[in-house]
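Since the structure comes first, as structure tokens, the remarks are kept for the end.
The values are calculated or read from the model by the stated rules, or taken from the named source; none is laboratory data. Note that this is a predicted model, so its numbers are computed, not measured. Cβ atoms come from the backbone with ideal geometry, glycine included; neighbour counts cover every protein chain shown.
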Amino acid sequence: MKKYINTLAPLLVLVVLAGCKVSKDVAIPKAAIPENFRNASSSDTTSIGNVSVKNFFTEEGVQRLIDTALLRNYDMQIALKNIESAEVLFKQSKLGNIPELTLQVTANANRPSNNSLNGLSAGQFLKTKVIQDYNANVGLAWEADIWGKIKGQKQAALATYLQTSEARKAIQTRVVANVAQGYYRLLMMDAQMAVAKKNLLLNDSTLRIIHMQFDAGQVTSLAIQQAEAQQLVAAQLIPELEQNITIQENALRILTGQLPGAVERLASLEKTNIPSQLSSGVPSSMVSRRPDVKSAELSLNIANAKVGIAKASMYPSLSITASGGLNSFKASNWFNIPASLFGVVGGGLTQPIFQRRQLKSQYELAKIDREKVVLEFRQSVLNAVGEVSDELVKLEKLKLQYDISSKRVTTLQEAVKNANLLFRNGMATYLEVITAQSNSLQSELELAAIKTAQLNASVELYRSLGGGI
């Protein structure tokens with residue numbers, strides 16, 4: 001009895017060690033996450049990143065396009081297929097601890113030489129010149145996960161599967177943002193088109209008056225030429241905007257998985273409101289939602305698992321094999337039970353001794369790769385925090401720009417009215433009229449561009465906080 005205990009003692013020790021971890025995981029560096037965003041209000045406690053897409057984009061036209069894009073966008077569909085592939089591999093990895101079972105059925109006939117030892121033995125003892133062998137057996141092979149190598153492989157497979165899900169979320173947030181920003185650009189171009197057409201009509205009216213003054217000898221041909229040049233500035237904007245509108249519509253249609261065509265607008269830029277409550281919350285909330293940061297965190301899980309696997313490969317591995325079935329020299333006796341039954345059980349310990357430092361090198365490389373992943377996580381957090389801070393300052397300063405630009409538009413529109421009135425009464429020159437119209441045109445175009453920039457900044461803030469999932 002004591003002999004058997006001494007024999008099994010090493011195996012029992014290895015089984016006990018199975019619950020031990022051969023390497024220590026590196027945790028997420030908490031110091032990489034700041035307490036607050038720059039330019040954020042200290043009263044921000046909740047994040048718009050937690051708001052659903054439907055509640056953040058309340059305009060029906062944007063909602064329709066986003067719904068279509070999430071359903072038909074090809075990048076989204078490819079991401080879903082990647083998830084399916086990763087799920088298949090993950091399910092396979094979950095079977096790592098299950099013994100490998102094989103079934104083998106063979107039938108052999110061997111006719112040795114009469115002058116060979118086998119031939120002489122078969123003729124003398126078996127009274128036959130043909131040696132037959134019929135075998136049917138089930139084989140089992142199992143490796144004990146003593147050092148957590150198989151467990152590490154499962155953890156790595158799970159993290160890889162979750163990464164594909166985060167990749168889909170990252171694509172979705174980008175698609176949602178691109179659709180909304182593309183739609184707002186269309187509204188901006190529509191507004192700019194209306195401004196250009198309005199100014200073109202105003203220039204036509206001014207040009208007619210200058211023609212009348214030229215006929216009366218009150219102005220020279222130079223006045224007509226400068227008025228026509230100003231008119232052509234507004235006229236040139238129309239085909240340019242028509243071109244840009246068509247290209248933007250095509251881009252939106254392709255983004256939503258449709259053929260190029262017109263895009264229905266259910267609102268105007270003027271009636272589109274900029275969200276007033278755009279709280280950023282705290283960086284820790286953003287980190288828990290942003291798909292790229294979550295993916296970097298999962299990369300660290302994979303790196304930890306790979307370090308553990310590399311370290312476990314340097315320790316002994318315990319393998320147990322067994323096979324059993326039916327074996328006979330004659331087909332008629334093949335299934336004669338129990339006479340044809342056989343069984344074999346074996347176990348072995350394998351300890352790498354000399355492999356030209358390969359295992360040690362793999363372990364060192366795995367640790368270096370893990371250090372790189374930690375740095376990449378820090379970089380992803382840094383980039384994310386920077387994006388949020390950028391959009392916060394954009395929203396703050398664009399609001400000031402819009403207020404100033406809005407006042408400038410109002411002032412210049414009044415200036416155009418006054419200049420035209422004074423010009424008709426001979427109290428202002430045509431140059432003053434043309435200058436007032438030119439300034440008014442540019443200011444109205446800029447106002448539309450600034451409001452669109454505000455809308456786009458709000459969308460980018462929403463995306464950078466992890467919104468759109």
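General observations
- Breaking point among (1) surrounded by 13 or more Cβ atoms within 10 Å (Cβ to Cβ); (2) modelled with pLDDT of 80 or more; (3) in contact with a Gly (Cβ under 7 Å, 6 or more places away or on another chain), for Gln104: (1)
- Among the residues of the range 49-63, those that are surrounded by 13 or more Cβ atoms within 10 Å (Cβ to Cβ), assigned to a helix (DSSP H, G or I) and in contact (Cβ under 8 Å) with a residue 40 or more places away in the chain comprise Gly49, Asn50, Val53, Phe56, Gly61, Val62.
- Residue match in the range 29-47 (condition: charged (D, E, K, R), at pLDDT 85 or above, more than 21 Å from the chain's Cα centre (by Cα) and more than 27 Å from Ala303 (Cα to Cα)): no
- Comparison of Leu278, Leu252, Leu237, Leu241 shows that the only residue that is at pLDDT below 90, surrounded by 12 or more Cβ atoms within 10 Å (Cβ to Cβ) and not in a loop (DSSP other than H, G, I, E, B) is Leu237.
- Top-ranked residue of the range 315-327 - restricted to ones that are in contact with an Asp or Glu (Cβ under 8 Å, 6 or more places away or on another chain) and small (Gly, Ala, Ser), ranked as surrounded by the most Cβ atoms within 10 Å (Cβ to Cβ): Ser317
- Positions within the range 330-364 being exposed (fewer than 15 other Cβ atoms within 10 Å of the Cβ), among the hydrophobic types (A, V, I, L, M, F, W, C) and assigned to a loop (DSSP other than H, G, I, E, B), in sequence order: Phe335, Ile337, Ala339, Ile353, Phe354
Residues are listed down the side, and each one gets a yes or a no for (1) over 25 Å from Ala227 (Cβ atoms); (2) part of a helix (DSSP H, G or I); (3) outside the structural domain of Ser299 (by TED's automatic domain parsing); (4) modelled with pLDDT under 90:
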site: Ser405; (1), (2), (3), (4): yes, yes, no, no
site: Val409; (1), (2), (3), (4): no, yes, no, no
site: Ala415; (1), (2), (3), (4): no, yes, no, yes
site: Val433; (1), (2), (3), (4): no, yes, no, yes
site: Ile450; (1), (2), (3), (4): yes, yes, no, no
site: Leu455; (1), (2), (3), (4): yes, yes, no, no
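- When Gln153 is tested against (1) under 26 Å from Ser288 (Cβ atoms); (2) buried (at least 17 other Cβ atoms within 10 Å of the Cβ); (3) modelled with pLDDT under 80, only condition (1) is not met.
- So Ala223, is it among the aliphatic types (A, V, I, L, M), in a helix (DSSP H, G or I) and either surrounded by fewer than 18 Cβ atoms within 10 Å (Cβ to Cβ) or assigned by TED's automatic domain parsing to the domain that holds Met189 (or both): yes
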